[in-house]
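For reference, the structure discussed in these notes is given below.
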Amino acid sequence: MSDRIGLPEVTSFVILLVQSDQLGTSIAQTLRVQAEDMRAKRMLRAEEKAYMLPVKLSVVLVIFMLPSMVMVVMLPAIIRIVRVIIPTLTG
């Protein structure tokens, strides 16, 4: 089963079941430990993705939002400068 699926979680699950059967330990306790371990790994992956989110968002903000904000802030000043300089240049 683990060869067909190829996921590390499934491989560890199959190995765990085989070892539990060979050693004669409780399968229920083995499954509880496996479930707890998988929950912890899933939580770590989720936290890792959550920590990467601000970095990815800051790139998007710098590329798209910052130029827009600069334009909104600077446009009134540019319009005033053009209104003052162009009449002065033409006479």
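Does Ile85 fit the bill of being β-branched (Val, Ile, Thr), surrounded by 10 or more Cβ atoms within 10 Å (Cβ to Cβ) and modelled with pLDDT under 90? Against the criterion (β-branched (Val, Ile, Thr), surrounded by 10 or more Cβ atoms within 10 Å (Cβ to Cβ) and modelled with pLDDT under 90), Ile85 qualifies.
Scanning region 3-15 for residues that are more than 11 Å from Met38 (Cβ to Cβ) and part of a helix (DSSP H, G or I) returns Asp3, Arg4, Ile5, Thr11, Val14, Ile15. Do the conditions hold for Asp21, that is, is it among the charged types (D, E, K, R) and more than 28 Å from the chain's Cα centre (by Cα)? Judged against the criteria, Asp21 is a match. Scan region 30-49 for residues that are modelled with pLDDT of 95 or more and within 12 Å of Leu17 (Cα to Cα) and the total you get is 0. Reported count of residues in region 16-29, each being among the β-branched types (Val, Ile, Thr) and modelled with pLDDT under 90, is 2. Taking region 30-62 as the range and being among the hydrophobic types (A, V, I, L, M, F, W, C) and over 18 Å from the mean Cα position of the chain (by Cα) as the test, the residues that pass are Leu31, Val33, Ala35, Met38. Filtering region 16-25 to residues that are over 19 Å from Asp37 (Cα atoms) and assigned to a helix (DSSP H, G or I) leaves Asp21, Gln22, Leu23.
The values are calculated or read from the model by the stated rules, or taken from the named source; none is laboratory data. Keep in mind that this is a model prediction, so the values were computed, not measured. All Cβ positions, even for glycine, are placed from backbone atoms using ideal geometry, and neighbour counts span all protein chains on display.
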